[in-house]
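The values are calculated or read from the model by the stated rules, or taken from the named source; none is laboratory data. Worth saying up front: this structure is predicted, and the values here are computed from it rather than measured. Here Cβ is always computed from backbone atoms with ideal geometry, including for glycine, and neighbour counts include all displayed protein chains. With ligands, DNA and RNA removed, areas are computed over all heavy atoms of the protein, side chains included. Shrake-Rupley method; radii C 1.70, N 1.55, O 1.52, S 1.80 Å.
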Amino acid sequence: MDAEGTDATQGLPQEQWTRLSKTQKTLESRLENLKAKRQHVYAEMNDLLLICRLPNNILSRIFIIAYKHHILPYTAVRLSHVCRSWRAAAIATPALWSSMLPHNTSLAKMCLARAGDLPLRLYLPDTNFKQYWKDGIILSFVAHVASRLAEIDLTLHPADLNTLSVFMTFHEGWEHLESLSLSVPEDLCISHELMIDFRPTPPKLRKLSFNGIIPMVRASGVFSNVRILELSMLEDLLEDLPPMEDFLAALQNFVGLEELRIYMGAFRPLEKGTKEYPKHDMLVHLDHLRYGELIFMEPINHAYLLAHLAIPATTHIYQEMYGGHPNGLLRCYPRDQSNLHFLHSMSKIRLTNGAVHGYHQDHIDTADACLSVLFNEEFSDKSARLSILNLRSAFKLSPVIELQIEIALSELRLVTAADWNKALSYFTSLRTLRYKHSGPLEDLPEYITPLFEALTVSIPGQLPVPTLCTLELANMLQSSLDTLDDRIRRCDDSRGATPGVGQMLPFEVVVNGNVWAAV
């Protein structure tokens with residue numbers, strides 16, 4: 001092969017490489033053009049969708065309504081990346097950007113720029129124990145926006161909490177702060193004492209929430225404007241809580257409190273099995289309390305706290321206990337209930353499996369109970385008997401006009417006529433008594449017979465529950481009713497024919513929605 005042939009052979013791959021490179025660049029250019037055209041078509045297709053043709057102000061309103069309880073920086077960023085119209089609407093909605101993550105300073109600065117003049121929310125979820133605040137960068141950012149913060153909701157390492165506490169105490173400019181929520185990561189399984197103080201007091205501070213934190217409150221007017229107080233603690237850390245006297249002393253600072261929520265996180269509980277609680281010479285008057293939520297393991301800890309509180313008649317109370325004690329309703333209230341005015345104003349009582357609900361007169365026809373006590377136990381015939389008997393202890397001072405019992409017939413097995421008499425004797429205003437069988441239908445008429453025995457006149461001139469006008473039975477099998485027919489007739493006749501009891505109201509029995517009539 002000569003030299004000329006060799007050069008031609010070597011030049012062929014180079015020409016191919018050059019030609020292929022030019023072709024690749026041409027194709028890549030065409031591909032980019034196709035992508036741009038496809039993106040343009042996508043945008044035009046989006047513009048045809050109704051949700052993308054809405055005016056920005058309507059779309060902004062939808063965003064706010066949909067995310068009003070979950071507005072986070074990442075939410076706003078995602079909304080702004082859906083399409084052109086959504087991006088324009090999201091960026092033009094300052095409320096979407098008013099919540100910021102302090103450890104992501106670049107995102108926080110972007111949120112700050114887009115939030116306009118709105119009050120800000122500082123939010124930080126579980127930090128996986130990392131100490132974000134020790135380098136001072138975040139504190140510098142917080143100091144910059146402190147005067148605009150309306151809400152602080154942080155889950156922090158204890159070391160960071162201490163840093164924040166000192167910072168809040170000595171930094172001025174919290175004039176817009178309305179809510180402060182602080183938590184220790186639950187996986188740390190530690191509690192943390194924290195001094196909560198401001199100098200000067202934030203004039204708009206209305207809510208305090210602490211999870212895994214034992215707040216140390218300076219005795220002053222710092223929290224006189226607080227309306228909502230929430231305290232929670234892990235079950236394994238309850239021994240770290242302060243004694244009752246210290247908690248009551250701190251609670252006295254919250255003179256305007258309207259809502260109190262405690263999930264085992266207020267005071268050191270009594271030892272399991274304790275039958276008598278200590279009585280302290282302290283009574284905290286919660287004159288403005290509208291709602292209380294109390295959750296403790298043992299019923300006696302409810303009584304221990306309530307023995308030291310004065311609660312208005314209009315207050316709505318939710319109580320929950322996990323001690324599994326069948327006598328819970330009796331043990332969850334102190335013997336002296338004179339300051340628990342909310343117990344004295346119930347017009348309707350409803351007993352269900354493991355729960356008791358009470359209703360004020362103006363809520364008697366609503367589904368929202370004014371008082372709820374949940375026992376979280378396996379309900380049994382023993383539980384049913386004790387619950388019925390203990391109704392009189394809890395509500396003996398209430399003007400109850402309606403009593404509704406919703407439990408299975410089989411769970412009435414241990415309830416005798418004497419038990420019914422004892423339970424009903426304290427309800428001196430009772431006009432309607434309802435029994436509604438719950439669960440699969442049961443043909444056990446013998447378990448409801450003691451109720452009719454208790455209501456039947458056995459001593460001339462002495463009418464049991466003389467104010468009672470209506471006895472209702474619901475969800476009853478016809479075979480059970482046939483068996484009960486004679487018992488119902490005797491009860492109805494004796495109550496209608498009893499002389500010498502003064503002015504009586506007519507009495508009727510309603511069975512499965514129909515007024516009973518003797519066959």
Kindly indicate whether any position in the stretch 171-178 is of a type outside the set (A, V, I, L, M, F, W, C), open to solvent by 10 Å² or more (accessible area, probe 1.4 Å) and closer than 25 Å to Q252 by Cβ. yes
In this structure, does S29 turn out to be at negative phi, assigned by the TED database to the domain that holds S147 and free of Cβ contacts under 8 Å to residues at least 12 places away in the same chain? no
Looking at (1) open to solvent by 30 Å² or more (accessible area, probe 1.4 Å); (2) within 27 Å of M297 (Cβ to Cβ), find the lone condition where L397 falls short. (2)
Kindly indicate whether any position in the stretch 382-396 is assigned to a loop (DSSP other than H, G, I, E, B), modelled with pLDDT of 90 or more and not β-branched (V, I, T). no
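For every residue, the table says whether it meets (1) within 20 Å of E230 (Cα to Cα); (2) in the same structural domain as A113 (by the TED database); (3) part of a helix (DSSP H, G or I).
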residue: F141; (1), (2), (3): no, yes, yes
residue: H144; (1), (2), (3): no, yes, yes
residue: S147; (1), (2), (3): no, yes, yes
residue: E151; (1), (2), (3): yes, yes, no
residue: E172; (1), (2), (3): no, yes, no
residue: E175; (1), (2), (3): no, yes, no
residue: L180; (1), (2), (3): yes, yes, no
residue: F198; (1), (2), (3): yes, yes, no
residue: P202; (1), (2), (3): yes, yes, no
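One line per residue, one yes/no per condition, for (1) of a type in the set (K, R); (2) assigned by the TED database to the domain that holds S147; (3) surrounded by 14 or more Cβ atoms within 10 Å (Cβ to Cβ):
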site: L72; (1), (2), (3): no, no, yes
site: T75; (1), (2), (3): no, no, yes
site: A89; (1), (2), (3): no, no, yes
site: S106; (1), (2), (3): no, yes, no
site: C111; (1), (2), (3): no, yes, yes
site: G116; (1), (2), (3): no, yes, no
Candidate set from the stretch 440-482 (those that are loosely packed, with under 15 Cβ neighbours inside 10 Å and hydroxyl-bearing (S, T, Y)); member that is nearest to G513 (Cα to Cα): S479
For S209, state whether it is small (G, A, S) and modelled with pLDDT of 90 or more. yes
Please go through the stretch 77-87 and pick out each residue that is at pLDDT 85 or above and either of a type in the set (A, V, I, L, M) or assigned by the TED database to the domain that holds L120 (or both). V77, L79
Applying the selection to the stretch 329-357, what residues are over 25 Å from S380 (Cβ atoms) and β-branched (V, I, T)? none
Qualifying position, being touching a strand residue (DSSP E or B) at 6+ places or on another chain (Cβ under 6 Å) and small (G, A, S), among S398, S372: S372
Output the residue which, of all residues in the stretch 397-427 that are in a loop (DSSP other than H, G, I, E, B) and of a type in the set (S, T, Y), is modelled with the highest pLDDT. T416
Is at least one residue of the stretch 372-383 open to solvent by 60 Å² or more (accessible area, probe 1.4 Å), among the polar types (S, T, N, Q) and under 23 Å from the mean Cα position of the chain (by Cα)? yes
Filter result (in contact (Cβ under 8 Å) with a residue 12 or more places away in the chain and charged (D, E, K, R)) within the stretch 237-274: E239, D240, E245, D246, E258, E259, R261, R268, K272
Of all residues in the stretch 406-439, which are crowded, with 22+ Cβ neighbours inside 10 Å and of a type in the set (V, I, T)? I407, V415
If you go through the stretch 441-457 one residue at a time, do you hit one that is assigned to a helix (DSSP H, G or I), small (G, A, S) and under 26 Å from R331 (Cβ atoms)? yes
Taking the criterion of being open to solvent by less than 10 Å² (accessible area, probe 1.4 Å), at pLDDT below 85 and not in a strand (DSSP E or B), would at least one residue in the stretch 289-296 satisfy it? no
